[in-house]
Amino acid sequence: MVTGYLAYAVITVIQIYLSPLILKKYGQDTLGAYASVMQLIGYLTLIDGALSLTFNRFIAQAFGSANKEQLLLGVFSTARVLYLIASLFNSVAIFGLSFFIGRMFGLHGFLEQDLKISLLILSVATLLKAPFTVYGTFLNAAQQMSYLNIVNIISNIIRGVLIISLINLDFGIKGIVLGNLVAEFINLVASYVYFNSKFPGMRGAAWSVTKSDFRETLLFSKDSFVIQVANKIQFQTDTLLVGIFLSVSAASVFYSSITPPLLCFTLANILMSNVMPAMNEIVGAGDLAKIKLVYLKLFRFVLGLSIIVFFGVLFLNKYVVQLWVGIGQYAGWEVNFLFAIHVSILIVASFNGNFLVSIGKINTIAKYTVYLTFAGLLFSVLLLKLIGVVGLMAGTLLVSIPGMVYCFYLIDQFFGERIFMKFSTYWPKFHA
């Protein structure tokens with residue numbers, strides 16, 4: 001946890017410094033275009049995200065099973081091959097996107113060319129890093145988070161120095177992309193070296209996939225992919241929609257206002273990322289009583305963090321944005337109030353959703369999430385056109401609130417008692 005928060009602190013400082021630097025150096029259009037395009041790129045990496053969720057669960061549960069060595073070799077081999085296939089697809093998709101990016105956002109001249117070259121660089125890098133992706137996933141599932149976090153601290157410092165230097169040398173968006181890629185490759189190589197020293201028995205894993213492993217992985221990752229797409233539409237397309245339906249300048253203001261609350265969400269999410277591999281291992285061992293105990297203890301922290309974040313965003317976000325990039329980049333108190341509700345709900349829903357995935361409820365979540373997502377997307381677009389950014393956030397909340405309640409309902413069913421209605425179980429008991 002300590003190393004996780006330190007790594008987060010480093011990347012937060014970089015992000016705090018980076019946006020005003022881009023704004024001052026290149027203007028609102030460049031910042032808005034970068035934020036919108038990066039959200040679009042996020043859609044193209046959803047396959048990687050689904051595989052990461054899948055293999056984090058499978059590898060962690062293999063550690064908790066009786067025939068650990070055999071299962072680990074099978075899952076590792078499957079993961080390595082499927083990550084390679086996914087990276088090839090993503091690389092081709094990013095390459096194709098580079099030829100349409102200007103028309104998509106109405107960009108011309110230097111900014112269009114800058115984005116096109118950046119996407120071409122990203123396409124090549126996506127393919128080059130493919131063979132190494134599996135090692136970080138394996139180490140995370142094996143609960144080697146402190147090592148990964150220390151590597152993140154070092155690579156993020158390098159990331160910040162490179163990006164700031166390249167921007168000052170007028171590399172534009174290309175400089176941001178190159179700085180991020182160098183940091184990613186440092187992480188991948190460090191994970192590969194540590195993996196070989198920590199798990200020497202895994203070196204003989206084949207580059208192959210058995211039919212049974214492929215089928216099991218495909219079924220689970222299919223639902224993982226559906227959830228990843230739905231969550232992306234629900235929670236991470238806002239800036240993209242503002243850029244398309246309003247303007248890249250409006251997207252810049254929206255991006256600046258939502259970034260501090262989303263950093264708070266990431267801060268809360270560090271708790272989950274540190275404990276979910278252990279939770280998956282407990283689920284793999286089948287100890288229901290221990291699963292319930294750990295869930296209740298963890299959710300106390302999650303609920304407390306969501307309340308703190310709500311009031312923090314509500315009362316402090318305006319001043320954070322003003323100090324960071326100037327009051328002209330603040331979206332207004334109405335939008336800020338909806339941000340506060342949205343992020344606090346997102347913290348709770350993210351934890352519960354990941355817990356439900358670990359206990360095998362992924363197919364149910366995937367189906368229900370799709371229904372809510374497309375209804376929410378429709379509301380968001382309609383309300384965005386009618387009343388602007390306030391309407392967009394209102395449409396997002398129409399999705400997130402029912403989704404959070406439904407997750408509690410599924411957890412009640414799993415434990416066989418109404419935990420959702422017994423909020424006293426979420427708070428510590430004090431004894432004399």
>> Quick check: residue separation of Leu169 and Gln143 times 0.36 nm, minus the Cα distance between them. What number comes out in nm?
In response: 5.4 nm
> How would you order 279-292, 385-398 from highest to lowest mean count of nearby Cβ atoms within 10 Å?
Replying inline: 385-398, 279-292
> On the first, second and third principal axes, largest extent first, how far apart are the outermost C-alpha atoms of segment 1-202 in Å?
Replying inline: 60, 35, 21
> What length, rounded to one decimal in nm, is gained on full extension from Leu263 through to Leu21, with 0.36 nm per residue of separation minus their alpha-carbon distance?
Replying inline: 85.3 nm
>> Sorting check: for 255-263, 15-23, which peptide has the highest mean count of neighbouring beta carbons within 10 Å, and how do the rest follow?
In response: 255-263, 15-23
> Can you give the Kirkwood hydrodynamic radius of the chain from its Cα pairs, in Å with one decimal?
Replying inline: 22.7 Å
>> Between Phe315 and Val405, what is 0.36 nm times their sequence separation minus the Cα-Cα distance? Round to one decimal in nm.
In response: 29.8 nm
>> Just to confirm the filter: which trypsin sites (Lys or Arg not before Pro) across segment 162-267 are DSSP coil and have at most 10 other Cβ within 10 angstrom of their Cβ?
In response: Arg203
>> Modelling each spin label as a point 7 Å along the Cα-to-Cβ direction, I'd like the Ala9/Gln322 distance in nm, to one decimal.
In response: 2.7 nm
> Say the cut-off is 26 Å between C-alpha atoms; which of Lys25/Lys385; Lys174/Lys318; Lys24/Lys116; Lys232/Lys361; Lys25/Lys116 go over it?
Replying inline: Lys25/Lys385; Lys174/Lys318
> Given labels modelled 7 Å from the Cα in the Cβ direction, how far is it in nm from Leu293 to Ala278?
Replying inline: 1.2 nm
> What does the convex hull of the Cα atoms of segment 296-341 come to per residue, in Å³, rounded to a whole number?
Replying inline: 63 Å³
>> Could you order the peptides 136-143, 184-191 from most to least packed, using the average number of other C-beta atoms within 10 Å per residue?
In response: 136-143, 184-191
> For Leu128 and Ser249, what is the calculated FRET efficiency with R₀ set at 35 Å and r taken between the beta-carbons, to the nearest 0.05?
Replying inline: 0.50
>> Given the DSSP H assignment, sum -39500 (n - 2.57) over each helix run of at least 4 residues in the chain and divide by its residue total; what's the result at 222 nm in deg cm²/dmol, nearest 500?
In response: -29500 deg cm²/dmol
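We did not get these values from a lab; they are worked out from the coordinates using the rules stated. Treat the numbers as computed from the prediction; the structure is a model and nothing was measured. Here Cβ is always computed from backbone atoms with ideal geometry, including for glycine, and neighbour counts include all displayed protein chains.
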